[in-house]
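K.L.:
Before we start, here is the structure in question, set down as structure tokens.
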Amino acid sequence: QVQLVESGGGLVQAGGSLRLSCAASGRTFSWHGMGWFRQAPGHEREFVAGHNPSGNTYYADSVKGRFTISRDNANDMVYLQMNDLKPEDTAVYYCAVDTSGSGRLRNPDYWGQGTQVTVSS
């Protein structure tokens, strides 16, 4: 029943920007933590950004000051604005939901299929 669908990935040059979107369906998620992970070739999946139901946001140190997470609870949407992209940001980005409400998404229950982000130098 629950589905998460990401969109907005693509190919950009270093210094460019992308905005990722995640649409949730099947149930409401306004009281859950929502956010983003990424997995680059040869690397483990890592936490990127999260948003908890109280409005607190969390970011990996590698993206602080460049990425911004936001959500639209009325439409069960979460976004990731990515600015000043670097080649090391290249990865598949996954939307995730943690029903415990953790903005750090310590134990995600649901995952999207992922969207590819490629940053060229």
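K.L.:
Kindly evaluate Gly103 against the criterion of being open to solvent by less than 30 Å² (accessible area, probe 1.4 Å), in contact (Cβ under 8 Å) with a residue 40 or more places away in the chain and more than 12 Å from the chain's Cα centre (by Cα). Steps first, answer last, please.
P.N.:
Details: open to solvent by less than 30 Å² (accessible area, probe 1.4 Å): yes; in contact (Cβ under 8 Å) with a residue 40 or more places away in the chain: yes; more than 12 Å from the chain's Cα centre (by Cα): no.
No: the conditions fail for Gly103.
K.L.:
Listed residues Val63, Val92, Val78; which is within 19 Å of Val12 (Cα to Cα), part of a strand (DSSP E or B) and β-branched (Val, Ile, Thr)?
P.N.:
Numbers: Val63 fails: part of a strand (DSSP E or B); Val78 fails: within 19 Å of Val12 (Cα to Cα).
Step by step, each of Val63, Val92, Val78 is checked, and only Val92 is within 19 Å of Val12 (Cα to Cα), part of a strand (DSSP E or B) and β-branched (Val, Ile, Thr).
K.L.:
Would you call Gly42 out of contact with any Asp or Glu (no Cβ under 9 Å at 6 or more places or on another chain), over 15 Å from Leu20 (Cα atoms), part of a loop (DSSP other than H, G, I, E, B) and open to solvent by 80 Å² or more (accessible area, probe 1.4 Å)?
P.N.:
Details: out of contact with any Asp or Glu (no Cβ under 9 Å at 6 or more places or on another chain): yes; over 15 Å from Leu20 (Cα atoms): yes; part of a loop (DSSP other than H, G, I, E, B): yes; open to solvent by 80 Å² or more (accessible area, probe 1.4 Å): yes.
When the stated conditions are applied, Gly42 passes them.
K.L.:
On to the next question. Can you confirm whether Arg19 is basic (Lys, Arg), open to solvent by 80 Å² or more (accessible area, probe 1.4 Å) and part of a loop (DSSP other than H, G, I, E, B)?
P.N.:
Values: basic (Lys, Arg): yes; open to solvent by 80 Å² or more (accessible area, probe 1.4 Å): yes; part of a loop (DSSP other than H, G, I, E, B): no.
Here the answer is no, as Arg19 does not meet what is asked.
K.L.:
Then there is this: Pairs only if they're at least six apart or on different chains, beta carbon under 6 angstrom, first in segment 62-76 and within 15 Å of Leu20 (Cα to Cα), second assigned to a loop (DSSP other than H, G, I, E, B) and of a type in the set (A, V, I, L, M, F, W, C); list them, first residue then second.
P.N.:
That search, which allows pairs on different chains as well, returns Asp76/Phe29.
The values are calculated or read from the model by the stated rules, or taken from the named source; none is laboratory data. All values derive from a computational prediction rather than experimental measurement. Virtual Cβ from ideal backbone geometry, glycine too; neighbours counted across all protein chains shown. Remember, those area values only see protein heavy atoms, side chains included, never the ligands or the DNA or RNA. Shrake-Rupley method; radii C 1.70, N 1.55, O 1.52, S 1.80 Å.
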